[in-house]
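Everything below concerns the one structure shown next.
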Amino acid sequence: MPADNNLDLVIRNADVVTASDRFRCDIGVRGGRIVALGHDLPPAASEIDATGLLALPGGVDGHCHLDQPMPDGMRMADDFFTGTRAAACGGTTTVIPFAAQEKGASLKAAVDDYHRRADGRAVIDYAFHLIVADPTPAVLQDELPSLIRQGYSSFKVYMTYDDLKLSDREMLSVLDVARQNNALVMVHAENADCISWLTDKLVGQGRIAPRFHALARPDAVEREATHRAITFAELVDVPILIVHVSGKEAIEQIRWAQGRGMKILAETCPQYLYLTAEDMGMGGDDGYEGAKCVCSPPPRDPENQAAVWRALTNGVFSVFSSDHAPFNYDDPEGKKLGGTAQPFDHIPNGVPGIETRLPLLFDGVARGKLSLHQFVELTSYRPAKIYGLYPRKGTIAVGADADIVLWDPTRKVRIANANLHHAVDYTPYEGIEVTGWPMTTFSRGELIVRNGEYLEPAAGRGKFLEAGQPEI
Ligand code: DUC
Ligand code: ZN
Ligand code: ZN
């Protein structure tokens, strides 16, 4: 290699695993990009020996919430600094949180505000999804098409939550904009009226403990909305992605649509593999600790967990995201909103998981449930493709950003909140032992985590990524 082509970094003896290939080589990095994959690369300014470790493309977390403005005195515990720090320590090098439109306000205002929140704080790269909560004619005709062109090519719509939900007709209009502009709509599929009817009934009977959250959102509520969203996609003739799918009823709907040749993509998350309604107290515990596991859709039961594992391996799911929604437990702006235990319908929804996402899924690799390539596909390659970030992200290849994780596939770790790097005061996965752990993380060639130690890279080094057209 000529002298003026000096490498900044060589990772030696890497056992590289991508979504499709596995090969042993040295990885040469210059200017933050991978410039060489080969044997006996020349010496570099910085060298690291990866013998015994896997070299994986850094994780792409295609669904997480960081510093998202919240209603009613709630506040997320993680901002872009603590959230991306935790992500990096968990082997993730790209996050895609949400710039959420408020009803009555513009989308542009949400995007500008969200950039202010990320600027100077993120330690890894990030793109934004949009949340479309108020699809006025101006939003549909001008703002959304213009934002798609500027690099915001995916947006989420909600079929539930009063401050976010769209009517069926509004959903159709938003899908139509996506079709015309080659964007991707992510759908939160739960039937709002069913939930509010069930909630009123339960609250009227005094059944307000966290465990009743699961009864207010049974799987039929998710199944119906999933089917309805699929119907809208069929009518408009556009792909959609159903987010945070919790179990077999919704999976059946998605499989049915996929079997008919429709482009219905789907995502699931660690909470649907590791938590059940029992964790919210469904065994009969009316204590408040169950609030730690309140998220929507709710975790279900072991049979549904098994169905989710199966759907990760048989191609129903394209992406595995955290849906990190970081609310403290013991906090008047968190699960104990206003300083006290809340009825289930006032508990902020969501669980933290940005740092534990990859190890929790990798444990399935260690237990023979899915292949290494499937792991990379679900956690990095496909989210990068689907959200328009490939080939810069999502693979180890010449020309890609040097976002690389050195992974110890045999290391056993018992998850403990005390060892995590988010700003949340608990993890719902406390005490779970997993096999496999991310040891060392490079972001654009910069070493930011070494042997599990966070190296305190400069806050703000993370760059905003303009997303291109989704590759479905
Ligand atoms: N549900 C959501 O829709 N978003 C954040 C977390 C949650 O539980
Ligand atoms: Zn959602
Ligand atoms: Zn979410």
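The values are calculated or read from the model by the stated rules, or taken from the named source; none is laboratory data. Remember, it's a predicted structure, so these values are computed and weren't measured experimentally. When we count neighbours, we look across all protein chains shown, and the Cβ atoms used for this are built from the backbone with ideal geometry, even at glycine.
Has the range 367-377 got at least one residue that is more than 16 Å from ligand 1 (Cβ to nearest atom) and touching a Pro at 6+ places or on another chain (Cβ under 9 Å)?
Yes: one or more hits.
Residue under question is residue 266, and the condition is that it be touching a residue at least 40 places away in the same chain (Cβ under 8 Å), assigned to a helix (DSSP H, G or I) and crowded, with 16+ Cβ neighbours inside 10 Å; does it hold?
Answer is no for this residue.
Just the residues that are assigned to a loop (DSSP other than H, G, I, E, B), charged (D, E, K, R) and away from ligand 3 (no atom under 16 Å from the Cβ), please, taken from the range 293-328.
Taking the range 293-328 as the starting set, the residues that turn out to be assigned to a loop (DSSP other than H, G, I, E, B) are 294-301, 314-318, 321-323, 325-328.
If we keep only those that are charged (D, E, K, R) as well, we get 300-301, 323.
300, 301 - these are the residues of the range 293-328 that are assigned to a loop (DSSP other than H, G, I, E, B), charged (D, E, K, R) and away from ligand 3 (no atom under 16 Å from the Cβ).
Look through 344, 320 and report the one residue that is in contact with a helix residue (DSSP H, G or I) (Cβ under 7 Å, 6 or more places away or on another chain), at pLDDT 95 or above, farther than 25 Å from residue 287 by Cα and in the same structural domain as residue 208 (by TED's automatic domain parsing).
The conditions single out 320.
Do any residues in the range 53-65 that are over 13 Å from residue 382 (Cα atoms) have Cβ atoms under 9 Å from those of residues that are more than 16 Å from ligand 2 (Cβ to nearest atom) and part of a loop (DSSP other than H, G, I, E, B), where the two are at least six apart or on different chains, and which pairs are they?
If the second residue must be more than 16 Å from ligand 2 (Cβ to nearest atom) and part of a loop (DSSP other than H, G, I, E, B), the pairs left are 55/396; 56/18; 56/91; 56/396; 64/78; 65/78.
Inside the range 20-44, can you point out the residues that are surrounded by 12 or more Cβ atoms within 10 Å (Cβ to Cβ) and part of a loop (DSSP other than H, G, I, E, B)?
Once the filter is applied, which keeps residues that are surrounded by 12 or more Cβ atoms within 10 Å (Cβ to Cβ) and part of a loop (DSSP other than H, G, I, E, B), the range 20-44 yields 21, 32, 41, 42, 44.
Quick check on my filter: what residues within the range 238-263 are part of a loop (DSSP other than H, G, I, E, B) and either over 15 Å from residue 351 (Cβ atoms) or of a type in the set (Lys, Arg) (or both)?
Passing the criteria: 238, 239, 245, 247, 260, 261, 262, 263.
Which one is surrounded by the most Cβ atoms within 10 Å (Cβ to Cβ), of the residues in the range 188-225 that are among the acidic types (Asp, Glu) and within 24 Å of the chain's Cα centre (by Cα)?
Narrowing the range 188-225 to residues among the acidic types (Asp, Glu): 190, 193, 200, 219, 222, 224.
Next cut, within 24 Å of the chain's Cα centre (by Cα) only: 190, 219, 222, 224.
On the way: 190: 25, 219: 19, 222: 30, 224: 18.
Per the stated criteria, the residue is 222.
So is residue 209 outside any helix (DSSP H, G or I) and either within 16 Å of ligand 3 (Cβ to nearest atom) or more than 23 Å from residue 163 (Cβ to Cβ) (or both) or not?
yes
If residue 102 meets every condition in (1) in contact with a helix residue (DSSP H, G or I) (Cβ under 8 Å, 6 or more places away or on another chain); (2) within 15 Å of ligand 2 (Cβ to nearest atom); (3) on the phi < 0 side of the Ramachandran plot apart from one, which number is that one?
Residue 102 satisfies all of (1) in contact with a helix residue (DSSP H, G or I) (Cβ under 8 Å, 6 or more places away or on another chain); (2) within 15 Å of ligand 2 (Cβ to nearest atom); (3) on the phi < 0 side of the Ramachandran plot except (2).
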